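See structure below.
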Amino acid sequence: MIMSKLFVKIFIAGIVCFSCNYSNSRVDRKATPINIIPTPTELNAAKGTFKLTPASVIVAEDSIKYIAEFLQEKLKGTGYNIRIVNENKDFKNVIYFKPKNPFDEKNGLSYQLNVSLKKIVISADEPSGYFYAVQTLLQLFPPEILSKDSHTRKEWSVPCVDIKDAAKYNWRSFMLDSGRQFQTVDFIKRYLDILAMLKINVFHWHLTEGQGWRIEIKKYPKLTEIGSKVADGEEQQGYYTYEDIREIVEYAKKRFITVVPEIDIPGHSDAALIAYPELTCQKQAPKATMGVSPVLFCAGNEKTYEFLQNVLDTVCELFPGEYIHLGGDEAPKAIWDQCPVCQNKIKQLHLKNSDDLQRYFSKRLADYLGKKGKKVIFWGDVVYDDGETLPDNVIVYWWNSRGHGDLAYKNAIKRGHSVICGTNAYCYLNYPVVPWSKYDSTRTFDFKTVYEKNPSDILVPNDLVMGMGCCLWTDWYVKMDMIDQRVFPRIYALAEQMWHVGERLTLDEFYMQVKSTYDRLKILGIDYGPAFANEVPDGYKWD
């Protein structure tokens with residue numbers, strides 16, 4: 001699909017449609033603001049409003065009642081107790097989840113939302129479509145609907161409008177680094193709600209790092225007894241139990257979000273190797289490293305594969321989704337080059353060098369997971385060079401555009417691997433708008449940069465591009481209370497690029513829409529930061 005400029009249609013008409021009179025001129029955004037992010041494919045505004053009343057009813061058949069209940073819960077902010085019924089009788093004021101009758105059967109993500117004077121009709125081709133329609137509908141209500149004190153408002157109305165919408169990509173992801181800094185279960189659930197609001201459908205969860213192993217593996221208790229405590233900074237200790245993970249996976253599922261765990265190997269693994277130093281080449285525990293560590297899992301040692309396969313058995317049990325991320329980035333090979341066990345493995349397998357050994361390492365684990373029906377994601381480092389062929393179930397995450405341009409993207413496509421585009425220029429939301437801590441001016445970007453110059457926002461993506469992602473790394477001690485101001489408002493630009501099909505608004509027009517959400521963000525308790533470098537006041541604190 002082609003993504004260029006915004007294709008929002010405000011039709012000129014002098015007719016009555018769905019009981020609403022369409023305007024005979026372009027809608028004035030100031031007079032009739034209809035700002036939805038990400039932007040729908042088509043939006044036809046009409047005159048008039050639908051007014052929610054205490055007598056309003058939600059109609060939904062039993063198969064999608066849980067989505068209607070999600071809306072019902074949100075509407076409690078009105079002070080009304082809106083009933084759900086499963087038959088569409090002659091109600092005078094109704095929100096109607098129409099049985100499957102899609103306007104466009106495309107990727108299971110299409111929906112249509114029609115608001116008229118007495119009725120809101122939602123139709124979709126899959127349950128996810130109904131859910132995304134609800135997210136759009138909630139943006140049409142006044143933001144006070146989300147406030148605990150919103151029941152003091154006397155009238156709740158939604159502008160009459162007809163919306164047809166579908167996503168550009170099936171894969172729209174947000175990655176959170178829980179390895180370097182630990183976040184609570186409640187914080188993660190809060191972010192899952194934020195992702196749902198943005199129609200982001202993949203939570204990429206970075207669970208292991210040099211500074212912390214965060215996933216319980218009962219077969220290897222030292223991973224959490226020791227590995228979760230190797231760093232001593234604030235919010236750098238802790239792990240997620242089986243129960244925690246199952247709770248998060250289920251919470252995400254109800255919001256049509258797939259949780260994709262990442263076990264980063266063979267590098268970024270100090271925490272695991274401190275717990276089990278026998279799996280290093282030197283048989284010695286490394287030091288926990290914030291950045292790139294020279295110490296890797298020993299790829300020549302068969303015990304390494306036994307250990308990792310056992311770990312992955314648990315990962316597969318806890319995460320029922322189709323995808324598992326196995327890292328593969330920033331793995332310096334100096335120790336492997338000197339390790340007799342690794343060098344013997346290279347000779348035994350007729351590999352070229354230590355880089356080829358990593359591809360063998362990656363291939364072997366991908367094959368193992370392939371037998372379990374899983375697809376495996378690796379960072380783009382695994383396709384920089386030619387060598388050992390990776391299996392068909394491997395997906396390449398193109399990340400390092402700052403260091404390698406589009407090499408990973410091109411090589412992955414050439415070798416027939418699906419690609420996720422989420423480059424560090426400009427999808428890494430941990431990069432502040434202006435320099436901070438270890439982030440110098442080369443590792444900053446603002447709203448204009450990501451909206452207009454993002455390499456991952458491909459005009460005509462190859463058929464192998466499955467989607468886009470963005471990342472929030474927590475290196476250099478990005479704590480929970482520092483995340484919102486990095487994510488917002490720039491994530492709006494990324495969500496737009498992941499979802500919207502068609503023409504794109506100008507930067508000024510889109511930013512006007514973004515600013516219209518700030519009251520909503522305040523009500524939600526989201527501490528958004530500056531959008532542009534020239535908006536950052538003197539002395540602004542990113543921490």
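Annotations
- Per-selection Kirkwood Rh - the chain (Cα, Å, 1 d.p.): 24.7 Å
- If the segment from Asp149 to Lys414 were pulled out straight at 0.36 nm per residue, it would be longer than the present Cα-Cα gap by 89.8 nm.
- Bridge type composition, the chain - antiparallel percent by DSSP, nearest 5: 35 percent
- Of all DSSP beta bridges in segment 108-260, antiparallel share, percent nearest 5: 55 percent
- Normalised per residue, the accessible area of segment 383-506 is 34 Å², obtained with a 1.4 Å probe and no contribution from ligands, DNA or RNA.
- Given Lys254/Lys372; Lys98/Lys168; Lys74/Lys100; Lys100/Lys371, the pairs whose alpha carbons are separated by over 28 Å: Lys100/Lys371
- Taking the DSSP beta bridges with both ends in segment 347-486, the antiparallel portion is around 10 percent.
- A straight Cα-to-Cα reach below 15 Å connects Lys438 with the aspartates and glutamates Asp475, Asp543, residues fewer than 8 places away in its own chain not being considered.
- Whole-angstrom Cα spans of segment 40-175 along principal axes, big to small: 40, 37, 30
- Zone of Phe187's modelled label, taken as backbone nitrogen in segment 238-281 under 14 Å from a point 7 Å along Cα→Cβ: 238-240
- The chain, dipole about Cα centre (Lys/Arg Cβ +1, Asp/Glu Cβ -1), debye to the nearest 20: 1180 debye
- Rounded to 10°, Cα long-axis angle of helix 354-370 versus longest principal axis of the chain: 50 degrees
- Rounded to 0.05, the FRET efficiency of the Thr241 and Lys47 pair, given R0 = 51 Å and the Cβ-Cβ distance, is 0.40.
- Segment 99-240, relative contact order [Cα under 8 Å, separation at least 6], %: 18 percent
- A simple count of charges around Cys427, restricted to other residues whose Cβ falls under 12 Å of its Cβ and scoring Lys, Arg +1 and Asp, Glu -1, yields +3.
- Across the chain, C-alpha contacts under 8 Å between residues 6 or more apart give a mean separation that, scaled by the residue count, equals a relative contact order of 15 percent.
- Only one residue of Trp171, Ile491, Ile145 has its Cα farthest out toward the positive end of the dipole of the chain, where Lys and Arg carry +1 and Asp and Glu -1 on Cβ, and that residue is Ile145.
- Met466 versus Thr444: modelled label distance in nm, points set 7 Å from Cα along the beta carbon direction: 3.6 nm
- By average C-beta atoms within 10 angstrom, highest first, the peptides 189-196, 369-376: 189-196, 369-376
The values are calculated or read from the model by the stated rules, or taken from the named source; none is laboratory data. Everything quoted here is computed from the prediction, not taken from an experiment. Virtual Cβ from ideal backbone geometry, glycine too; neighbours counted across all protein chains shown. These accessible areas exclude ligands, DNA and RNA; they are computed on the full protein's heavy atoms, side chains included. Shrake-Rupley method; radii C 1.70, N 1.55, O 1.52, S 1.80 Å.
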